[in-house]
1. Quick one: check the C-alpha center-to-center distance for region 1-20 versus region 22-59, whole angstrom.
2. On C-alpha positions alone, give me the angle between the axis of helix 79-90 and the longest principal axis of the chain, in degrees, nearest 10.
3. I need the shape label for region 1-89. Rule: rounded when a/c is under 1.5, else prolate if a/b > b/c, else oblate, with a, b, c from the alpha carbon gyration tensor.
4. Relative contact order of the chain: what whole-number percent is it, with Cα pairs under 8 angstrom and at least 6 residues apart?
5. Rounded to the nearest 500, what is the 222 nm mean residue ellipticity of the chain from helices alone, with -39500 (n - 2.57) per DSSP H run of 4+ residues and division by all residues?
């Protein structure tokens, strides 16, 4: 099918959908909830990667003080940091295999 025919087919399908002759395809995705981590778990995750607090902070995109606060229990990670921790706990090689750490 050439480019013109693909565009024509798409427009015809859009018109049919608008007229109620065609149902739209829908894909439902779910996202796993964010995990929570204790200070001990965070330290264990970092140690499983073999990183110092300084390197781990760079990997996580936060300051060394933030990592220290997480590991001492003064603060807790939020949002994307929790997702990164979950990925790293699942695979301690994630920082390297993802290309974030060389």
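Bear in mind that the values in this text are calculations on the coordinates, not laboratory data. Bear in mind that the values here come from a model prediction, so they are computed numbers and not experimental data.
1. Here the answer is 41 Å between Cα centres.
2. Taking Cα atoms only, the helix is inclined about 80 degrees.
3. Prolate, since a/c reaches 1.5 and a/b exceeds b/c.
4. Reported as a whole number, the value is 25 percent.
5. Details: 6 runs with 60 residues, N = 102.
Mean residue ellipticity, 222 nm, calculated: -17500 deg cm²/dmol.
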